[in-house]
Amino acid sequence: MQAQIQVGPLLSDEDWTDLAELMGADESLLVQQLLGDYRAAGAKAYLLERAYIDRDFSAAYSAFYSTLFHPYLKYCQRFHFFGCDLSHLATIGSAEGLSREVESHAGEYLGYVVLRPVSHAPVAAAVISAAAIASDPSTILDVTADYPVHVVGADLTVTGFPLTQQDTRVGACAQAAIWMAGRHFHRAHGGPWFSMPDINDAALKPTDNFVTRSLPAGSEFLRPDNIIRALRAMDRHPVFDLGKAAVEQGVGIKPLQEVIGRYLDSGIPVLIGLKGRDGATVGHAVVAIGRVMRERGEDDLPDDPTSAELISHLIVADDQRGPVCRLPVYKDDALPEGTPGAYPWTLEEDAVYSVTPLPGKVFMSGEIAETLSRDFLASCVDRLDEYRELAKMRAGEGSAALGKAIAVDPSFFAVPPSRLVARTYLTYGWRYKGRALRNRLPEIFKLEIFRHQYPRYVWVTEFSLPDDLRGFDQCQRKVRAHVVVDATGSKFGESMLIVQVPGLSMFWTFDADSPTQTYNLIFRATDEAEPFLPKVRNWSDFDQCEMPDNGSGAEAQPAERAAPPG
C-alpha cells in the first residue's frame, strides 16, 4: 500500500475553511473544537497521511466493526499540525530531502489528530502541544507525556495529553476517560497498552445487571465499580472519593478540589464523574489534567488552607467538548450558557465522585499525608527551642552557638501554623533528594539529606505564607518549611521521614543492620535558614532561576535561558 500524503497551508481564513471541509468538521463539534485549538496554538500548516493504519481503530475494527453486516473501512487519516509554513516542501525533489526537511521542523510540531471512518465518532486520537495551549502563566497542565510520531521517515515528538472520542457503538464517556488516563500511563511510566476493547473486557468482568441495560454491554455507561476494575487491570491502584453532589448537602465531604489538586500536582490524572444535566439519568466522565490558578488574599483563606484554595478552574479532557476545557471549581465562576468557553458543569455543584489511579506501592492517600505533616509541623514549632537545644547538645563541644529561634525567620514564626498554606504532592524519593540538594536550603540540611536513602515514593508538603504565593512567576514564590512522609508506609506510624522548619530539621532513620529497632531521630539546627523555592513540575533543578548565594537575602530571578514549566 502506498503512503499518500498531502500538505496544505493554514495562513488564511480560507485555508482553515478548506481544512474544516476536508476533516468533515460540519458533522462533528469535537473536530471543530480541535481545529479551533490548533488555530489558537499558532498552526500554519498541516500534513495529512491518508490510509493511515491506526492501532487503536484496528483493535476496535477486529473486535466489533468487522463482525457487522454493514461494511466499514479499516483505514484512518492522520493530520499533523506545524507552527510554520510548509509550502516549500513541494519544491524539494528528493525523498530523502523531503524527510529531512520535515524533521528539521520538529521544534514547531504542534501535534496530530487521527480521524477514523466512523461518522458518528470520528476522532480516534488527538494530542496537542501542552506548551502551545498553556502559555498563560496562570494555567498549569500537570499531566503530560511525550508522544513520538513517525511520518515520511521523520521522527517527531509532541508533549501533551491524549484525547479520544467515545464511540457510542462500543463504549461510553467512561471508557474514553479510562483510555485517556491509561494511554498517559503507558507513555509516561511504561504501563500496559490497552485498546478500547481491552478496557471493555476489564471493566465488564464480572458483568452486572446495570451495564447490560445497553447492547453491547457497557456502551451506554459504566458505574464507578467498572471504572475501578479497568484501572486495576492497568496495574493502577485507584482511590475513590465522593463529591458533594453525591449526598444531600454534601455533609462531611471534603471539597474535591483539595483531593484532586494534590494528585494533579503529583502529575496523576484524575477521573471525575459529573451528574447528568437537564434531568438525564446518565452522567458524564472527564479527566482532570491541569489547573487554572488565581491569587487570594490572606483574609479570604480558611484555617489550615491548602494550595487548592488558589484553584479557580480545573483543566479537563472531555471526549465530547475538547482536550482543554475549563471546569469551574465554584458556581460563582461559571460563565453564562452560550458564552465562549462556558462549561455546563461546576465541580462544586455537579461532581459526584473522583477516581485517582495511584501507582502501586503507594499505601497512603494525599489527605492523610497532609494531615500528618500539619500535626508534626505544629508539634515541631511548639517545641522548637527544646529541639534546637537538643541538637546543640548532640553536636558536642565546639558546635556553633545558636541565637533565638524566632530570629531565624520572624515572618514564619509570627503566624500560627494553622495559617500556613499547605501544598502536598507525591514524588519519587530520588527525585525529591535531587531537587532538595539543588535548592536554597541550609548546607547542614543538605548534608543530612545526602546521607540518607528514601523510599520509592514520598509525600512532600510545602508550607508557605499566603504572601509567598502571590503572582505566577515560580522564581518569585517561596517555601518556608516542608515535611516528607513515606508514601509506601502506614498512616499508623513509622512513616515520618523529615520535618524542616526555619532553624531546625528533624530526620527519622533506622539502622539497616537492625531494622526492627525503634527509629532514630536526628536533629540539625542552624541560624542560616531562609525561604527556598517550590517544586515545579518538569524542573529537575532550579537553573531556570538565578539562585542567589545562601544568606544574601536576594530574590531568585528568572534566568535568560528560562523556559516555561511544562
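Quick one: which strands (runs of 3 or more DSSP E) lie wholly within the range 31-133 and hold at least 2 residues that are aromatic (Phe, Trp, Tyr)?
45-52, 76-82, 109-115
Kindly check whether there is at least one residue in the range 82-97 that is among the small types (Gly, Ala, Ser) and under 29 Å from the mean Cα position of the chain (by Cα).
Scanning the range 82-97 turns up at least one residue that is among the small types (Gly, Ala, Ser) and under 29 Å from the mean Cα position of the chain (by Cα).
Scan the range 333-356 and tell me whether some residue there is in the same structural domain as residue 460 (by TED's automatic domain parsing) and not in a helix (DSSP H, G or I).
Looking for residues that are in the same structural domain as residue 460 (by TED's automatic domain parsing) and not in a helix (DSSP H, G or I), one finds none in the range 333-356, hence no.
Could you please let me know if residue 132 is hydrophobic (A, V, I, L, M, F, W, C), at pLDDT below 95 and outside the structural domain of residue 325 (by TED's automatic domain parsing)?
Yes, satisfied.
Being hydrophobic (A, V, I, L, M, F, W, C) and part of a strand (DSSP E or B) is the filter here; which residues of the range 288-302 pass it?
Across the range 288-302, the qualifying residues are 288, 289, 292, 293.
Quick one: how many residues across the range 402-459 are part of a strand (DSSP E or B), more than 27 Å from residue 299 (Cα to Cα) and of a type in the set (A, V, I, L, M, F, W, C)?
Of the residues in the range 402-459, 3 are part of a strand (DSSP E or B), more than 27 Å from residue 299 (Cα to Cα) and of a type in the set (A, V, I, L, M, F, W, C).
Evaluate the following for residue 360: is it modelled with pLDDT under 95, closer than 21 Å to residue 425 by Cα and among the small types (Gly, Ala, Ser)?
Judged against the criteria, residue 360 is a match.
Exactly one of these conditions fails for residue 35: (1) free of Cβ contacts under 8 Å to residues at least 40 places away in the same chain; (2) within 28 Å of the chain's Cα centre (by Cα); (3) over 24 Å from residue 16 (Cβ atoms). Give me its number.
(3)
What residue, among those in the range 361-393 that are outside any helix (DSSP H, G or I) and under 28 Å from the mean Cα position of the chain (by Cα), is nearest to residue 264 (Cα to Cα)?
Residue satisfying both the conditions and the ranking: 365.
Examine the range 54-66 for a residue that is surrounded by 18 or more Cβ atoms within 10 Å (Cβ to Cβ), more than 23 Å from residue 183 (Cβ to Cβ) and either without any contact (Cβ under 8 Å) to a residue 24 or more places away in the chain or touching a strand residue (DSSP E or B) at 6+ places or on another chain (Cβ under 7 Å) (or both), and state whether such a residue exists.
no
Would you check which residues across the range 93-127 are more than 20 Å from residue 50 (Cα to Cα) and among the hydrophobic types (A, V, I, L, M, F, W, C) and list them?
106
Out of all the residues in the range 401-437, which are free of Cβ contacts under 8 Å to residues at least 40 places away in the same chain and surrounded by fewer than 18 Cβ atoms within 10 Å (Cβ to Cβ)?
Answer for the range 401-437, where residues must be free of Cβ contacts under 8 Å to residues at least 40 places away in the same chain and surrounded by fewer than 18 Cβ atoms within 10 Å (Cβ to Cβ): 401, 404, 406, 410, 414, 416, 428, 430, 437.
The values are calculated or read from the model by the stated rules, or taken from the named source; none is laboratory data. All values derive from a computational prediction rather than experimental measurement. Cβ atoms come from the backbone with ideal geometry, glycine included; neighbour counts cover every protein chain shown.
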